[in-house]
């Protein structure tokens, strides 16, 4: 026998009717709980938000790291106290970012940089990404401007150059003492106060002088760092050739030891014009004997202070002069000098220089005579010929001799160094302008 349920007979009509589906299962009491329903809704919303957030993140990352619109490197100045909106406007106007403020705001917020954006002058590279732009503003990578002070300028001349520099701000109320500024190349940001640059130059000078003074030669005839600067300033004005500085220093050191007056032309000029630095003409014969505190033709030993701001090389040469017995030097006519120990040999070198100068003058006059007279097409285009200036005894060196920008060196007219006497007489045949 089987356990099959018995067949209940139905009428033909009932057999043709479809069987009724069983009723759905009744939901549990837990599923009907409102907290469960709310939780399900929250989970659904969170999933939607998460998917949307991932999409926004991917899109934003692509936009932040996409190449920017700059077609070449560009310097942009962000003024102080600029807000995020102001910065966005400036960057859009300068073409650093796309014209989409909301994208910039979103990138700044996403990078948590809203309170870290700094003002200043910035260099943005070609096709800089939005991330690069914001990183530059956050890191404060401002542009550094170089400012070079040539060796041998006076403090007054240096102050003039600082005042003429448009990248600096503020005024210099007092000209620093002569010889307290170190000629060098300095870097600063736009808007740096000028007196701050002066302080940097003074600090650098004090540090360098002290270092050089501590390793000076034992037999140098100077007694203090201040005297080191004074003598170095004279050497700086006497020659612009690097290879000659130590020999010029030796000449002056030997003269100091033998109590011979230095008789340096640049000291005459400084005694006449002070911080202006240049005389603008040859020294007159009467000015050689004109007493001033700086005229080393008239005073014994060193002048009371520096006559310029010497550079590192001149300070080094002064502290460690060459080991020679030279007492004289005279120009060779090509920017260099000839050094000698005896006055007789020195006079021969002076005579050779005079002959060279005379030949140069004759050649110049002949060139002027042979030149055809030119008739200018327009009267306003004509200009008078340049004045013929004889070569000086101590001309500035060729530009290649100095790393810094060439300076105007004011020197005396051609002359011979004096005889070795304590009287300090003027040179035997100075070619100077007479009154």
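A few remarks follow.
- Considering the stretch 295-336, the residues that are at pLDDT 95 or above and not in a loop (DSSP other than H, G, I, E, B) include one that is surrounded by the most Cβ atoms within 10 Å (Cβ to Cβ), namely 318.
- Selection within the stretch 212-221 - part of a helix (DSSP H, G or I) and either assigned by TED's automatic domain parsing to the domain that holds residue 325 or surrounded by 15 or more Cβ atoms within 10 Å (Cβ to Cβ) (or both): 212, 213
- Residue match in the stretch 335-356 (condition: touching a strand residue (DSSP E or B) at 6+ places or on another chain (Cβ under 7 Å) and closer than 22 Å to residue 219 by Cβ): yes
- The set of residues in the stretch 272-294 that are under 16 Å from residue 179 (Cα atoms) and part of a loop (DSSP other than H, G, I, E, B) comprises 277, 294.
- Verdict on residue 197 being buried (at least 18 other Cβ atoms within 10 Å of the Cβ), free of Cβ contacts under 8 Å to residues at least 60 places away in the same chain and in a loop (DSSP other than H, G, I, E, B): no
- Of all the numbered requirements in (1) surrounded by fewer than 20 Cβ atoms within 10 Å (Cβ to Cβ); (2) free of Cβ contacts under 8 Å to residues at least 40 places away in the same chain, residue 271 misses one, and that requirement is (1).
- Residue within the stretch 246-257 that is within 17 Å of residue 181 (Cα to Cα), touching a helix residue (DSSP H, G or I) at 6+ places or on another chain (Cβ under 8 Å), outside the structural domain of residue 175 (by TED's automatic domain parsing) and surrounded by fewer than 24 Cβ atoms within 10 Å (Cβ to Cβ) present: no
- Residues being out of contact with any helix residue (DSSP H, G or I) (no Cβ under 8 Å at 6 or more places or on another chain), part of a loop (DSSP other than H, G, I, E, B) and closer than 28 Å to residue 78 by Cβ - total across the stretch 167-194: 5
- Residue 209 at negative phi, touching a helix residue (DSSP H, G or I) at 6+ places or on another chain (Cβ under 7 Å), buried (at least 24 other Cβ atoms within 10 Å of the Cβ) and assigned to a helix (DSSP H, G or I): no
- Count - residues of the stretch 229-262 that are assigned to a helix (DSSP H, G or I) and under 20 Å from residue 149 (Cα atoms): 12
The values are calculated or read from the model by the stated rules, or taken from the named source; none is laboratory data. A quick note: this is a predicted structure, and the numbers were derived from the prediction, not measured. Note that each Cβ is placed from the backbone with ideal geometry, even for glycine, and that neighbours are counted across all protein chains shown.
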